[in-house]
Amino acid sequence: SPDAVREDLRDELGERGYQALDDVLDAATARDDGLATTTEVREGQPATEITEYARSVDADVVVTGTRGRHGENRFLIGSVAERVVRTCPVPVLTVRRLTDEDPRRVTV
């Protein structure tokens with residue numbers, strides 16, 4: 001049934017999301033630089049959830065990727081990152097992902 005397919009897809013995407021979060025957390029904590037790193041998984045509109053979370057925990061900064069995929073206006077910054085930058089009450093640091101061939105790429 002379509003509902004079962006949607007549930008399977010939702011479960012698979014959830015698993016991928018948790019794995020990606022684990023990977024990011026591992027990379028963020030690989031250096032012993034004394035910075036506190038927190039993670040949380042929430043469902044909803046991404047920019048809204050990020051902004052509400054930052055507000056609720058009184059975050060010092062939000063870091064987000066810039067990977068946009070739609071339209072020429074999204075060439076440099078993705079729509080989620082753009083909305084977070086515009087609406088978040090705390091500073092937002094946007095980070096562009098470097099390709100494997102880019103000499104500036106540093107592996108943690």
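The values are calculated or read from the model by the stated rules, or taken from the named source; none is laboratory data. Note that this is a predicted model, so its numbers are computed, not measured. Note that each Cβ is placed from the backbone with ideal geometry, even for glycine, and that neighbours are counted across all protein chains shown. We work out accessible area using only protein heavy atoms, side chains counted, and drop any ligands, DNA or RNA first. Shrake-Rupley method; radii C 1.70, N 1.55, O 1.52, S 1.80 Å.
Couple of notes before you dig in:
- Heavy atoms of L25: accessible area, 1.4 Å probe, square angstrom to 10: 60
- Working note: Cα atoms of region 5-50, range along each principal axis, descending, whole Å: 43, 22, 10.
- Distance in nm between pseudo-label sites at V95 and V24 (7 Å out along the Cβ direction from Cα): 0.9
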